[in-house]
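Okay, so here's the structure we're looking at.
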Amino acid sequence: MTDNRVTRTLLALALPTLLLAACATEPAAPAEPTPPPGDESPQPPPGDGPGDEPGDEPGADAPDAAEWVPVFADGLEGWTPRIRNAAPGEDPGGIFRVEDGVLHVLEVPASARDLGYLRSEASYSHFRLRFEYAWGEADFSGPDEGRISGVFYLADDVGGNWPRSAELDIQEGVTGDLWLLSGVSVDTTVEDASATPLVYSAGGEAVTTPPGNFVQVVRSATLQNDEGWTQVELVVTPEEIVHLVEGQEVVRASNPTLEGSPRTEGFIAFQARNTGVRYRNVELLVLED
């Protein structure tokens, strides 16, 4: 009996100490499972994350991006003269020639003067054409005529001296006008739809030009430099035409047609008319359809 009492006494004294020790000890966190060999998730190498694909850098060009192409870098290759008094493709008087990438038109003696145009062998439907021009030394214009040249587009060889086409007028004092030849017609907006000639006005009265041989839409501003170089750009698609002079829009039209059918493509041509003219920095950008 004495031994039992001693044992119970010792247990009673030790129990609080054991309970305090148990409460002060925190259980260890379970260990993370180890993945089986070969199951590790590979990390992407630098530069392979979203948005890091080659060509995504700011300013990077798409591999198939369209580019401006110098038109006369290889002389007259790809272009054919049509001279009034010569066989198609012949230019005995040298009315059109290229020197150092500059197209010279009608810079010839008076004895070699003739009418004509230099046409692209290819047809175009979606494009931008830009260039600078300046008047040359040869001047065959009359006293009240002014110096004249031009760029035909959406053109074909029907029409006599000039192709059936639309034309961006290059003319002393009036560069930028739109001329419609041999039945080509467009929709545009003008100051007064009842006036002749029509004068382009952005946001003006809507009008469809009447079909005719020479129908004029006058530019909205006069911006050319007749004593130096003038910048010109032409934008053409089957739906839209824009003439720009010195970076400013001077004519906008849409829906070119011929005899009621869409006029969707044609060649480009530079006109030889009554004076020498030079075209430099001539570049073509073919747009996606």
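The values are calculated or read from the model by the stated rules, or taken from the named source; none is laboratory data. Keep in mind that what you see is a predicted model, and the values were worked out from it rather than measured. Glycine gets a Cβ as well: all are built from the backbone with ideal geometry, and neighbour counts include every protein chain shown.
Of the candidates 188, 264, 222, the single residue that is within 27 Å of residue 116 (Cα to Cα) and at pLDDT 95 or above is 222.
As an exercise: evaluate residue 213 against (1) of a type in the set (S, T, N, Q); (2) at pLDDT 95 or above; (3) under 17 Å from residue 169 (Cβ atoms) and give the number of the one condition it does not meet. It is condition (2) that residue 213 fails.
Screening the range 77-97 for residues that are out of contact with any Lys or Arg (no Cβ under 9 Å at 6 or more places or on another chain) and in a strand (DSSP E or B) and picking the one that is surrounded by the fewest Cβ atoms within 10 Å (Cβ to Cβ) gives 97.
Scanning the range 224-243 for residues that are in contact (Cβ under 8 Å) with a residue 24 or more places away in the chain and part of a strand (DSSP E or B) gives 230, 231, 232, 233, 234, 235, 236, 241, 243. Checking the range 182-192 against the condition returns no match, with no residue being part of a loop (DSSP other than H, G, I, E, B), of a type in the set (A, V, I, L, M), touching a strand residue (DSSP E or B) at 6+ places or on another chain (Cβ under 6 Å) and free of Cβ contacts under 8 Å to residues at least 40 places away in the same chain. The single residue among 212, 173, 160 that is within 21 Å of residue 267 (Cβ to Cβ), of a type outside the set (D, E, K, R) and not in a strand (DSSP E or B) turns out to be 160.
To keep it simple, each residue is scored yes or no on (1) over 22 Å from residue 181 (Cβ atoms); (2) among the hydroxyl-bearing types (Ser, Thr, Tyr).
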position	(1), (2)
213	no, no
223	yes, no
229	yes, no
236	no, no
254	no, yes
265	no, no
271	no, no
